[in-house]
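Some notes on the structure that comes next.
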Amino acid sequence: MTVSGNIKILPPLPGRCKICAAKHDPAQPHDRDSLIYQNRFYKKHRRFPTWEDAMSHCDEETKAIFRAKLSPAAKETEEKA
Ligand SMILES: [Zn+2]
């Protein structure tokens, strides 16, 4: 196997999100931890994305589900009450 000295950042693979390069449903949040997403977001906003940014395109129902997933502690408190 030969290794080319020419390193290129490849565009996202077919079937993957064009924003974050992860494989997810367009209605679902982007992968906030994706380096491609973080780089792109940083260039545009001069800060790194939060999960709220990653799911800003989602509908309110999806956001609610995702927020619940992100904070298991909050969910636990709710169940105990
Ligand atoms: Zn994405």
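The values are calculated or read from the model by the stated rules, or taken from the named source; none is laboratory data. Bear in mind the structure is a predicted one, so any value in this text is a computation, not a measurement. Positions of Cβ are backbone-derived with ideal geometry, glycine not excepted, and every protein chain shown enters the neighbour counts.
Quick notes on this structure:
- Of the residues making up the range 14-35, those that are among the hydrophobic types (A, V, I, L, M, F, W, C) and more than 9 Å from the ligand (Cβ to nearest atom) are ALA27, LEU35.
- Of residues in the range 36-54 being away from the ligand (no atom under 12 Å from the Cβ) and under 21 Å from ALA64 (Cα atoms), the one surrounded by the most Cβ atoms within 10 Å (Cβ to Cβ): TRP51
- Of all residues in the range 52-81, those that are more than 24 Å from PRO26 (Cα to Cα) have Cβ atoms under 6 Å from Cβ atoms of residues that are modelled with pLDDT of 75 or more, 6 or more apart or on another chain, in LYS75/ALA68.
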